[in-house]
């Protein structure tokens, strides 16, 4: 999974995390989404992300897998991530 080069996380002055695209705020994201984005940016596979998120937030991996997949689909729809191949 590759992240779009023009997308990055940013923190607002009030402490919220937003995803910026080409320097413009795109949308706010929660702690789980920040963790998913950070792990994808580090090059982890989706399976590795699922396992680490489940452990980090104490949630069953089956639920995490569904939520991670949905978030990745949103990112793909906005052309912010794409498959390696």
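Just so it is clear, none of the values below were taken in a lab; they were calculated from the coordinates. Because the structure is predicted, anything quoted here is derived from the model rather than measured. FYI the Cβ positions are ideal-geometry reconstructions off the backbone, even for glycines, and counts take in every protein chain you see.
Quick notes
- With respect to (1) more than 22 Å from residue 84 (Cβ to Cβ); (2) in a strand (DSSP E or B), the lone exception for residue 8 is condition (1).
- The combined condition, being assigned to a helix (DSSP H, G or I) and either surrounded by 16 or more Cβ atoms within 10 Å (Cβ to Cβ) or on the phi < 0 side of the Ramachandran plot (or both), is not fulfilled by residue 18.
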